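Read the structure below first, then the notes.
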Amino acid sequence: MKVNKILVSQPKPASEKSPYYDIAEKYGVEVVFRPFIKVEGLTAKEFRQAKVSIADFTAVIFTARTAIDHFFRLAEETRVTIPDTMKYFCTTEAIALYLQKYTIYRKRKIFHGKTGKIEELLPFLVKHSKEKFLYAISDVSKKDDDAILVQNKINYTKAVMYRTVSNDFAPDEPFDYDMLIFFSPSGIASLLKNFPEFEQGDIKIGCFGAATAQAVKDAGLRLDIEAPSAKAPSMTAALDAYLKENQE
């Protein structure tokens, strides 16, 4: 069955130069960007119920720009003034640079890794081991990171500041896609929540990441495209390869 309409479960790219647009033009397909999940911040009341106060910490660990947004939002809503002495530890440079939205960027107080792995922050965390770290996270966080921080005796406290929820489809919203592309297990859970009687049939499913692939299989669905791989390091590369083989 030829693919005509593809749902990519991500927000629409800010740039028109996205590889997805190139693929759409190359193969004559329609690509629709429609997230299955969305991020929802905890309210100040919910955050207080966790009995964690931002004011008690001297450093923060960030693994996402979303965490930065909700950290500063909750600080404002709980009437905490962030001191200039606060230190920030980010898993990538892009996340670190995003701090400029909220604070003056000073090299002496901002540290970052390169690939997004918490291991890369360890030399900085260990060097500043006297700090009291707040680890700003979502309701879905990597347990492996906990083990690494505990093993290296980092004094940290996890604080959930935002959650991932299903981005529900409206009753009159069309669902006429030939292919669905997912990037997280939460997306698969949202699909089944929105469409409890979902039958895959000829609909193709693609995904990025081993955890997402496992979620597809656990749901009893057929996985047609999987990335990353040796031949397709990105989702767009995998999609392009699939359409090249099956569309032409």
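The values are calculated or read from the model by the stated rules, or taken from the named source; none is laboratory data. Owing to the predicted nature of the structure, the values given are computational and were not obtained by experimental measurement. Ideal geometry is used to build each Cβ from the backbone, glycine not excepted, and the neighbour counts take in all protein chains shown.
Worth a mention:
- Cβ-Cβ under 7 Å pairs, at least 6 apart or on other chains, region 1-26 side more than 19 Å from Leu243 (Cα to Cα) and modelled with pLDDT of 90 or more, far side of a type outside the set (S, T, N, Q) and in a loop (DSSP other than H, G, I, E, B): Gln10/Pro35; Gln10/Phe183; Pro11/Pro35
- Options Glu25, Glu30; residue that is in the same structural domain as Ile188 (by TED's automatic domain parsing), exposed (fewer than 14 other Cβ atoms within 10 Å of the Cβ), among the charged types (D, E, K, R) and within 30 Å of Leu192 (Cβ to Cβ): Glu30
- Scanning region 199-242 for residues that are surrounded by fewer than 16 Cβ atoms within 10 Å (Cβ to Cβ), under 19 Å from Asp176 (Cα atoms) and in contact (Cβ under 8 Å) with a residue 24 or more places away in the chain gives a single hit, Asp202.
- Residue ID - surrounded by the fewest Cβ atoms within 10 Å (Cβ to Cβ), chosen from residues in region 54-80 that are at pLDDT 95 or above and in a loop (DSSP other than H, G, I, E, B): Arg79
- Test: residue in region 69-87 that is touching a Leu at 6+ places or on another chain (Cβ under 6 Å), of a type outside the set (Gly, Ala, Ser) and not assigned by TED's automatic domain parsing to the domain that holds Ile181: no
- Residue within region 183-203 that is modelled with pLDDT of 95 or more and part of a strand (DSSP E or B) present: no
- Members of region 130-147 found to be in contact with a helix residue (DSSP H, G or I) (Cβ under 9 Å, 6 or more places away or on another chain), surrounded by fewer than 17 Cβ atoms within 10 Å (Cβ to Cβ) and under 13 Å from Ile61 (Cβ atoms), listed by number: Lys132, Lys142
- Residue in region 227-245 that is in a strand (DSSP E or B) and assigned by TED's automatic domain parsing to the domain that holds Pro19 present: yes
- Qualifying residue in region 106-124 (condition: in contact (Cβ under 8 Å) with a residue 60 or more places away in the chain, in a helix (DSSP H, G or I) and more than 19 Å from Lys38 (Cβ to Cβ)): yes
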